[in-house]
Amino acid sequence: MKPKRILIREEYCIGCRLCEVFCITQHSPSKDIIRTYREKDTKPVSGIYFEEKGALSFAIQCRHCDEAPCVENCLTGAMHRDKETGNVLHNKDRCVGCWMCVMSCPLGVIKIDYKEKKVVSKCDLCIDREFPACVEHCPNEAIILVDGKGERIEKEKELKK
Amino acid sequence: MKTDYLIIGNSVAGINCIEGIRGIDRKGGLIVISEEDCPDYSRPLISYYLGGRIEEKSLSLKGNDFYNENNADVLYETVALGIDVEKRKVFTNKGEIEFNKLLIATGGKPVMPEIEGYSEDIKGIFTFTSLSDARKLKNYIEERKCREGVILGGGLIGLKCAEGLIDKGLKVYIIEMADRLLSMTLDRDASEIIEKGLKERSDCKVLKGDTIKRIDYKNGVIFRISLMSGREIETELLVIAVGVRPNIALVKETPVKYNRGILVDKHMRTNIPDIYAAGDVAEGKDMLMDRNTVIAIWPVAARQGKIAGINMAGGSAIYNGLFPMNAVDIAGYPVISFGITNPVDVDKYEIMVKKDEEEYKKIVIRDNRIVGCIFLGKIDRSGIFQGLIRHKVDISRFKDSLLDDDFGLLVLPAEYRKHMVRGEGVEV
């Protein structure tokens, strides 16, 4: 199964970073924006790299590649493809911090916890949610969701299914 | 016995070949033969097993159901002894197997240097490339309650083994012929940081520019080694880790062409129709050298195995060549390296370096293209450089940013960046 993908339209990005704010919130224990940002200990790392210089900005996260080199090169099977959705997911319990995925990803979107010696975060396309939080909260449609064929999926349609 | 697909070797190239075949042909008979007694496991993890960080059952890469799900039969403790390329037969210690398509993925074999006094019968001397090696080593240490060990070779295998021994509480000596550790991938500056780390964080001594001259044993067990420099070390444990060479014994008496490894084309075919080779035994395209070389690393084995499998099953996939790349965590430092890190012909290369006590970054440039990198200490987003090397991106317009801490996709040429981020996926 081909996974859904987040399409980046950098020309529309206004640099508000709400994608990151909601990515962090979604992956926090409470999933509540206020609690997430006040309880610092439990605040997760976002699965997004936000890049900005002058007028140009964009948010980039895992592309869930068809031939994902991070999966192919993972030494433990921690980085794997979800059979149902096709999403590339990371299982922290199996990760030994060999850094093969970091080496393999040409987009550089896998984040590292140097203290724990594990991959700390990568986009899971909000696997336990109907619609990725970053896309849902992007006010300018600078990131949109598309299906395996590249057709846009809008939130309303997705929720009606 | 007769099968459509026969794979010799059950490690990363073989496993990826199964996936490559099954992506196209779900039904054809598929047999894997393995000299070992256990299902697939992740070879690089044996140091974690040795050190007690993970259990044996966690070494599996694809899980217990992998062979069933892929309709593959594995014959364990089966040794391929020869190939009849005319009759398409492989001879094993357990009988003959006829095949339609064959993959040779026999991997590498540890190199044994000539050392005075060495014999196979002496106890306490090990290699470290298989689970069986790791089990024997672990048992030996535990039975004899070893307190120190010597490793000959400061390459990747030697250092990984050192970490395992350090985790087990041993005092470790690493003896390395070159002037630095990981001499194939690091330079002296990077090695110095790691050596300092090993010294400060563990009971580990690195002896460079030296090697073992003689081994002495007592009651059949090693008890002392003498070095070229004259130094002597008393030890009951010696691990030989000076390198591996392609395990080509199987094809030596056949018309299959080999150089250092078995020569393969971009489809991973050997010179004999229907016989393929992949992984550490194969000599395939090196993208940076623009010729065939053996690159004994996981990513090459995985890619070549997958491509061989697709082509064996009648699909069409092309291997565009890779280059050396390594990721390792040693002495507490994450290290990633790509390509040519120590160019010999220095005039042709430009080198950019950033260095402090805990971090090292080196970028090697040739004709405005990156051809090599070292990242030590901080490795965030280093994979972007792998992509720049692979896609031969002209870096002249953003060269000034290469060493920046926040280096990212933003400074890359818009066409390249968009190709990467448009969501079409990444070609590997």
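Read-outs: derived from the displayed coordinates by stated rules, not from any lab. All of these numbers come straight from a predicted model, not from anything done at the bench. Backbone-built Cβ (ideal geometry, glycine too); neighbour counts: all protein chains shown.
A few remarks follow.
- Over all pairs of different C-alpha atoms, segment A:65-121 has a mean inverse distance whose reciprocal, the Kirkwood radius, equals 11.3 Å.
- A Förster radius of 41 Å combined with the Cβ-Cβ distance from residue A:9 to residue B:148 puts the calculated FRET efficiency at roughly 0.10.
- Note on residue B:2 and residue B:316: the extension gain reaches 110.6 nm, defined as 0.36 nm multiplied by sequence separation minus the Cα-Cα distance.
- The overall shape of chain B, judged from the alpha-carbon gyration tensor, is oblate: a/c is not under 1.5, and a/b is no greater than b/c.
- 16 Å cut-off, amide nitrogen to a point 7 angstrom out along residue B:200 Cα→Cβ, residues in segment B:348-384: B:355-360, B:376-378
- Using a Gaussian network model of chain B in which every pair of alpha carbons under 10 angstrom is joined by a spring, one finds that among B:112, B:177, B:287 the greatest mean-square fluctuation is at B:112.
- Put the Cα centre of segment A:85-109 next to the Cα centre of segment B:31-75 and the gap is 20 Å.
- Contact order for segment B:159-244, expressed relative to its length and based on alpha carbon pairs under 8 Å spaced 6+ residues apart, stands at 22 percent.
- Partner chain coverage, peptide A:54-63 - average Cβ within 10 angstrom: 3
- The protein assembly as shown: antiparallel DSSP beta bridges as a percent of all, rounded to 5: 65 percent
- Residue-averaged [θ]222 nm for the protein assembly as shown, counting only DSSP H segments that reach four residues, each worth -39500 (n - 2.57): -6000 deg cm²/dmol
- Charge tally for residue B:347 (other residues, Cβ to Cβ under 15 Å; Lys, Arg +1; Asp, Glu -1): -1.
- Label-point separation, residue B:219 to residue A:2 (7 Å along Cα→Cβ), nm: 6.9 nm
- Cα gyration tensor category, rounded, prolate or oblate, for segment B:332-421 with a/c compared to 1.5: oblate
- Inter-label distance, residue A:30 to residue B:188: 5.6 nm, where each label sits 7 Å from its Cα along the C-beta direction.
- Residue with peak Gaussian network fluctuation, chain A [Cα springs, cutoff 10 Å], from A:108, A:97, A:54: A:54
- Applying D = kT/(6 pi eta Rh) to the protein assembly as shown, where Rh is the Kirkwood radius over alpha-carbon pairs, T corresponds to 25 °C and eta to 0.890 mPa s, the Stokes-Einstein value obtained is 96 µm²/s.
- Its relative contact order, with pairs defined as Cα atoms under 8 Å and 6+ residues apart, puts segment B:37-135 at 24 percent.
- Positive-pole candidate from B:206, B:125, B:158, dipole of segment B:125-242, charges at beta carbon: B:125
- Taking the DSSP beta bridges with both ends in chain B, the antiparallel portion is around 60 percent.
- Most fluctuating residue given options A:12, A:49, A:114, as computed from a GNM of chain A linking Cα atoms under 10 Å: A:114
- Taking other C-beta atoms within 10 Å as the exposure proxy, B:267, A:27 rank B:267, A:27 from fewest upward.
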